[in-house]
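Single-structure report; data block below.
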Amino acid sequence: MMHCLKPIIANKRGVSAKPKRATHLRNKKTRKKSTASVSKLRLIATVIIVILFSLGLYALNQLESEKIARTKKPVTNSVIIEEKSLPNAEDDYTFYSRLKDFEVVVNKEAAYSSSRSAEDNYIYLIQAGSFKTKAQAEKLLVELTLLGLEPKINSAKNASGNLWYRVRLGPFTTRGGMTAARSTIISNNLEAMVMKRKI
C-alpha cells in the first residue's frame, strides 16, 4: 500500500506544481497585453483630443477673420471721408484770423465783487485735541511742533468742573493760512477742528 501512495503523492505534487507555473506565466502575458492595449487606447484618445482641439482653434480663427473682414469695410470708408474732410492749406488758421476781428466787451456791473471785507472781521483757530491729562496734551504738542506748526496748550474747565487741556493752533487772520495748517495736520492722520470767531 505504501508503494501505491507514493506515486499518487508525487503525481499530485508534480501536477499541482506545473499548472501553477503555467497559470502564473499566462497571467503575466495577459497583463502585458492588457496594459499594452490600455496604453494604446490612451494614445489614441490623446491624439483624438489634440485633433479636436486643433479643429476648434481653426474654426475660431476663421470666425475672427470673418469679423475682421466685415469691420474693415466701414473703416476704409471712414478713412476716405476723413481725407475728404481735411482742410486745405489755404483754410489753415482761419480761427486766429477771425479772432482778430472780434472784440469782447465786459460789463463793469457784472464783474465779480469780493466779500473779503466781511471775512476780515474773523480769526480762525484750529483745535487739534482736548485731553484730561497734561502729558497727553504735551505729546500732541511735540508732534505738531515737529510738523513745523506752532501749537499752544490752553487749560479750561467744562460745565461739570473738570479740567481739560486743549491743544490749539492760531489765531490765523487769513483763511489760506488756516487751510494750510489744517491740511498739514490731516495729512499726518491727526484730527483738526476749525473754529471761526469774530474780532
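The values are calculated or read from the model by the stated rules, or taken from the named source; none is laboratory data. Because the structure is predicted, anything quoted here is derived from the model rather than measured. Cβ coordinates were reconstructed from backbone atoms using ideal geometry, including for glycine residues, and neighbour counts include every protein chain displayed.
Per-structure values
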{"item": "Near pairs, Cβ below 6 angstrom, 6+ apart or cross-chain, from region 164-177 (farther than 15 Å from S130 by Cβ) to any residue that is surrounded by 18 or more Cβ atoms within 10 Å (Cβ to Cβ) and at pLDDT below 90", "result": "none"}
{"item": "Pair list, Cβ < 9 Å and 6+ apart or interchain, from region 57-68 residues that are in a helix (DSSP H, G or I) to residues that are loosely packed, with under 10 Cβ neighbours inside 10 Å", "result": "none"}
{"item": "Strands (runs of 3 or more DSSP E) within region 139-199 that include 1 or more residues within 21 Å of N121 (Cβ to Cβ)", "result": "163-172, 193-198"}
{"item": "Some residue of region 189-196 being surrounded by fewer than 14 Cβ atoms within 10 Å (Cβ to Cβ) and without any contact (Cβ under 8 Å) to a residue 12 or more places away in the chain", "result": "yes"}
{"item": "Members of region 120-136 that are within 21 Å of N189 (Cβ to Cβ) and either among the hydroxyl-bearing types (S, T, Y) or not assigned by TED's automatic domain parsing to the domain that holds R182 (or both)", "result": "S130"}
